[in-house]
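Novice: What follows is a structure written as structure tokens; I'll ask about it next.
Read the figures in this text as sums done on the coordinates, not as results from a lab. All values reported here derive from a predicted model rather than from experimental measurement. Here the Cβ is made from the backbone with ideal geometry for all residues, glycine too, and neighbour counts use every protein chain on show.
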Amino acid sequence: MIEFSLLTALLAGLLGGVHCVGMCGGIVAAFSFRADGSTPPFRLHLAYNLGRVLSYVLFGALAGALGASLKLAEFMPVQTVLYVLAQVVMILLGLYLAGLNRWVLMFERAGGSMWRGIKPLFQKLLPVKSLPQAVLAGMAWGWLPCGLVYSVLVSALAAGSATSGAALMLAFGLGTLPNLLGMGLFARQIQPFMQQLWVRRAAGLTVAGFGVWGLMTLGYAALSHA
């Protein structure tokens, strides 16, 4: 199942670009105002995104470790409950990306207090003057409240270990790279396409389909052992 989960996380990050364009457009624009004009834009944006993905991996490891501790504490049937919760959240995430439901936004509201603590540090790192500074700014960016990130973190919680949780969030982070790197370099060309209704619906319903498939797989496994 872990292979399927990694693929799901990767595709969720890739298809979630319809949300990233709106959510992170201001952040990417802020990164573009840099003091070091000698550094190629691609290298800077790659460093920003490296830092962001590193934060996701850390979150995934912590979530996976927490899920593992609950399992060891014998909160039964915790593994099944977490798995079902992860699939339900994936469905809600897909419906949100498709513009059909906004329940996932409650995750963003819950993370607002953490971002308020990180934001002053993020602002002190701008304008970026070096690649190491860009990585640090990207790590701070990773704390931006995002329903997409938090939804996949639920799957990391159900992953069963810190290593699996980190791998899941790494796959998700890699999936987001094409959209966010592209937005940093070709924002004017990408935004009109990503904002089209049919693109949002297709991406969102595909992500929701991952959750439906996960629940069907669990149901099939339960019936086969009945």
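Novice: Given the Cα-Cα distance of Phe42 and Arg201 and 0.36 nm per residue of separation, how much length would full extension add, in nm? Please list the in-between numbers first.
Specialist: On the way: separation 159, 0.36 × 159 = 57.24 nm, distance 3.01 nm.
Working it through step by step, the gained length comes to 54.2 nm.
Novice: Pop the C-beta distance of Met114 and Val81 into the FRET formula with R0 = 35 Å and round what comes out to the nearest 0.05. Spell out each step's value before the answer.
Specialist: Numbers: r = 25 Å, r/R0 = 0.71.
According to the calculation, E is roughly 0.90.
Novice: Hey, another quick one. Modelling each spin label as a point 7 Å along the Cα-to-Cβ direction, I'd like the Thr217/Met106 distance in nm, to one decimal.
Specialist: Result: 2.6 nm between the two label points.
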